[in-house]
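K.L.:
Supplied in structure tokens, the structure appears directly below.
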Amino acid sequence: MRDQPSREKIIEAAIRLFHVRGFQSTSLDEILEASGVCRSNFYYHFRSKEDLGLEALRRQAEGFETRVLQRILDERDVPARQRLARLYEAIGDRQQEEEFRYGCPFGNLAAELCGIHGEFRRRLSQFFERWEASLERCLQEGVTRGEFRPDLNARSVAQALLSQIEGAILLTKTHGHRGPIETGAQAMWMLLESR
């Protein structure tokens, strides 16, 4: 982080700390210490911790959408079933890399802030809607290509899959292993392919 501009150092430190400790449990002093940036420099870039939190969320959402939605779910040259398998594998791998300790940064923020902070709720809702839309497109392509059952309602199943994935990540964090993600993937195949 030494050669990065102060703003980038602050954002990266905040992303790490919010994911590990939560937004409300992370103090501005902890962010400053982790980033090596002084308070006056922080206020040059951000009006408040909330302002920083929203920018950290935007940055994380963009990264996820590039890595997962665009490079996995929206890759139309790859069969839809294979894309969904890659999604579950990527999610399980990420949780394992973090030793099943931190969960989903978006799900964590939603649980922590959506009931008390309207702007976080709005932005998280938009993020999950984009993820759901990407799932829906993938599912519909699978139906059109004959990979999935023809009577599948792609919109409803996309919402159910996203809910299942977020719940599986929470259980993975709780149990400390990737079993809930793998079980969820197996149940998904039964739903998508049974006729």
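None of the figures in this text is laboratory data; all of them are computed from the coordinates on show. What you are looking at is a predicted structure, and each value in this text was computed from that prediction instead of being measured. Here Cβ is always computed from backbone atoms with ideal geometry, including for glycine, and neighbour counts include all displayed protein chains.
K.L.:
Taking only the C-alpha atoms, wrap a convex hull around the chain and report its volume per residue in Å³ as a whole number.
P.N.:
Details: hull volume 23.2 nm³, N = 195.
For the chain, the hull spanned by Cα atoms encloses 119 Å³ per residue.
K.L.:
List the relative contact order of the stretch 58-193 as a percent without decimals, with contacts defined as Cα pairs under 8 Å and 6+ residues apart.
P.N.:
That works out to 31 percent.
K.L.:
May I ask you to list the residues of the stretch 87-120 whose amide nitrogen lies under 18 Å from a point 7 Å from Cα along the Cα→beta-carbon direction of E50?
P.N.:
Counting backbone N atoms under 18 Å from the label point, the list is 109-120.
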